[in-house]
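Reading through the structure tokens given below for one structure.
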Amino acid sequence: MAKTKEAVTIDAEPSTEIATLQQQIAAQIERQNQTTASLRSSGRYIAFKNAQLKVDGISIPANQLDVRVLAAVSERAWYSKDFDADQVQVPDCYALDDTGPHELAAKPQSDNCSDCVHNKWGSAKIGKGKACRESARVIVIPANNPVSSAIMYTAKVPVTSLGAVTGFAARCAQANKLMGEFVTKLSVVEDKKSFFKVHLTPVEITNDMNLSDLLRRQDEAYQLALQPYPVIE
């Protein structure tokens, strides 16, 4: 009987330790997942890496989608450490549709972006570019979904394709139309110099839209595009 009790005691201790370790691992994984999710501008994301158009990680055939662009804002982001596109990172200093750092930026580098040393050509650690990375946050919805309820997706367009965003905005202004009135082809193609190029090509104008719904969704999209990065201790 004594031997049996001793065996039970010896077996119980490792089981308790393993269970506790598994709980800690599970809690840490959950925390990782929550942190990663909060780093996105929205819950739905469009990516262009390696000239592959992906929606929430799923590759899209022919690398193109028909969408409605609801908002587009400029972004500047500076990282004190080397930027790694494969890792989830929060910029130390950033600006959203503004001429100065966001109020929640961890390490503002200048009162005005135009005067910042990281906004000068040649300030990048590699190459002749700028250390502060320029891009655009573009909010879109699928063109074939109802404007009033369609899910919004966030796409970050790199500096090498900003001309596509400004060109599209100019087309809308020239036509005196809201961006969302256009069915627009969002596509990505390979490029020798910049690896890939993003294109926004207006396809047609929808004349029978409920403009009240569109205005409301475009306002929601603008607020989404201005969502700040999370503050991580």
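The values are calculated or read from the model by the stated rules, or taken from the named source; none is laboratory data. Since the model is a prediction, treat every value here as computed from it, not as a measurement. With ideal geometry, Cβ positions are generated from the backbone for all residues, glycine too; neighbour counts draw on all protein chains shown.
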(Q) Considering only residues that are at pLDDT below 65 and either closer than 30 Å to residue 182 by Cα or touching a Pro at 6+ places or on another chain (Cβ under 9 Å) (or both), which ones fall in the stretch 25-68? (A) 35, 38, 39, 40, 41, 42, 43
Q: Could you list, in sequence order, all residues of the stretch 77-116 that are exposed (fewer than 12 other Cβ atoms within 10 Å of the Cβ) and outside any loop (DSSP other than H, G, I, E, B)?
A: 114
Q: May I ask you to list the residues in the stretch 71-91 that are aromatic (Phe, Trp, Tyr) and modelled with pLDDT of 90 or more?
A: 78, 79
Q: Among residues belonging to the stretch 103-148 that are in contact with a strand residue (DSSP E or B) (Cβ under 9 Å, 6 or more places away or on another chain) and among the hydroxyl-bearing types (Ser, Thr, Tyr), point out the one that is farthest from residue 168 (Cα to Cα).
A: 110
(Q) Restricting to the stretch 174-204, give me the number of residues that are assigned to a strand (DSSP E or B) and surrounded by 13 or more Cβ atoms within 10 Å (Cβ to Cβ). (A) 17
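Would you say residue 138 is under 17 Å from the mean Cα position of the chain (by Cα) and at pLDDT below 95? Don't jump to the end; show me each part of the working.
Numbers: under 17 Å from the mean Cα position of the chain (by Cα): yes; at pLDDT below 95: no.
It is false that residue 138 is under 17 Å from the mean Cα position of the chain (by Cα) and at pLDDT below 95.
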Q | Selected residue (criterion: farthest from residue 165 (Cα to Cα)) from residues of the stretch 201-231 that are within 17 Å of the chain's Cα centre (by Cα) and hydrophobic (A, V, I, L, M, F, W, C) | A | 231
